[in-house]
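To start, the structure itself, in structure tokens.
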Amino acid sequence: GTDGWTTAGPDRSGDATLSATTYQGGSALHWTDTTTTLPDWIHYYPAVQNGHTYTFSADLAGSGQVFIDVWTGGGDLQTIALNLTSTYQTLTWTATIPTDAPTGQTGQAPQIQIRESAIGPVDAYIRNASVAESTSPC
């Protein structure tokens, strides 16, 4: 969905916007970022449990280059970068949340991020972002 996503990253110069919109006939999250010096991202804190494995996924379209970064609460796990096109493409990543990860919906708690790599502006449309449990501990 589009609720709960916020902008983040080290570049707080006000060059990024995030809003709900319609793209190709459906609801989407629209993220623009004009920075070219520092990486920026948008993020969402899913309801995950420590020690469990999840598949993180999102459909992305637009222009620029982005990747999914799963912050597990102790480290970054990243997909390869995707060159956006006007047609939606799906990025998927599977990650296990460490048993000692911070909990909650703020700060260093596990999160899914859509990131740009500071090589150019991004004009991205995001839909169908999801987090699904792949396995649970026995």
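Observations
Quick grid of which residues meet (1) surrounded by fewer than 15 Cβ atoms within 10 Å (Cβ to Cβ); (2) within 14 Å of SER117 (Cβ to Cβ); (3) in contact with a helix residue (DSSP H, G or I) (Cβ under 6 Å, 6 or more places away or on another chain):
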residue: THR22; (1), (2), (3): yes, no, no
residue: SER27; (1), (2), (3): yes, no, no
residue: LEU38; (1), (2), (3): yes, yes, no
residue: LEU82; (1), (2), (3): no, yes, no
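- Residue check for ILE80: without any contact (Cβ under 8 Å) to a residue 60 or more places away in the chain and over 16 Å from HIS43 (Cβ atoms): yes
- Residue in region 51-73 that is within 22 Å of ALA109 (Cα to Cα), open to solvent by 40 Å² or more (accessible area, probe 1.4 Å) and in a loop (DSSP other than H, G, I, E, B) present: no
- Hits in region 90-138 (condition: surrounded by fewer than 14 Cβ atoms within 10 Å (Cβ to Cβ) and either of a type in the set (D, E, K, R) or in a strand (DSSP E or B) (or both)): THR90, THR92, ASP100, ALA132, GLU133, SER134, THR135
The values are calculated or read from the model by the stated rules, or taken from the named source; none is laboratory data. Computed from a predicted model, the values in this text were never measured in an experiment. We place every Cβ from the backbone using ideal geometry, glycine too, and count neighbours over all the protein chains shown. Accessible surface is based on the protein model in full, side chains and every heavy atom, while ligands, DNA and RNA are left aside. Shrake-Rupley method; radii C 1.70, N 1.55, O 1.52, S 1.80 Å.
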